[in-house]
Amino acid sequence: MEEESLANMSLQCLTNLSVTSPSHDNFTKVIQCLYTMMDSHPSRRLNVCRLLVNLSTNSMLVPYMLAAKVNKYRLILSGNIHNQIYILSCTMA
């Protein structure tokens, strides 16, 4: 439990750092790891998603995000497809 808490706190700190574009260059090498973490650690999924959304606002990072290999992409919400489409449209706008 302590390890999970530490990981989530670290992701929150990275999310805060990722709000400003000057720090985005430091994230290019970990994008693949973030996508993998979304699948392998469901308890960290929300924090990873927040971080990825912040990074996606930088057009220079989008090619890195698109080039990353995703084992199995899952939407965060399960069930209602309308909610899933709404979330995707908000994050892609």
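The values are calculated or read from the model by the stated rules, or taken from the named source; none is laboratory data. Not measured: the values here are computed from a predicted model. Counting neighbours? That spans all protein chains shown, and the Cβs are built from the backbone with ideal geometry, glycine included. We work out accessible area using only protein heavy atoms, side chains counted, and drop any ligands, DNA or RNA first. Shrake-Rupley method; radii C 1.70, N 1.55, O 1.52, S 1.80 Å.
Tabulated values for the structure
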{"read-out": "Among the residues listed as 16, 71, 83, the single one being in a helix (DSSP H, G or I), at pLDDT below 85 and open to solvent by 70 Å² or more (accessible area, probe 1.4 Å)", "value": "83"}
{"read-out": "Failed item, numbered, when residue 10 is tested on (1) under 15 Å from the mean Cα position of the chain (by Cα); (2) modelled with pLDDT under 90", "value": "(2)"}
{"read-out": "Any hit, region 28-43, residues being among the charged types (D, E, K, R), more than 12 Å from the chain's Cα centre (by Cα), part of a helix (DSSP H, G or I) and at pLDDT 80 or above", "value": "no"}
{"read-out": "Residue list for region 1-13, restricted to those being part of a helix (DSSP H, G or I), open to solvent by 70 Å² or more (accessible area, probe 1.4 Å) and not polar (S, T, N, Q)", "value": "2, 3, 6, 9, 13"}
{"read-out": "Cβ-Cβ under 7 Å pairs, at least 6 apart or on other chains, region 21-44 side without any contact (Cβ under 8 Å) to a residue 60 or more places away in the chain, far side small (Gly, Ala, Ser)", "value": "24/18; 27/18; 31/68; 32/68; 35/68; 44/7"}
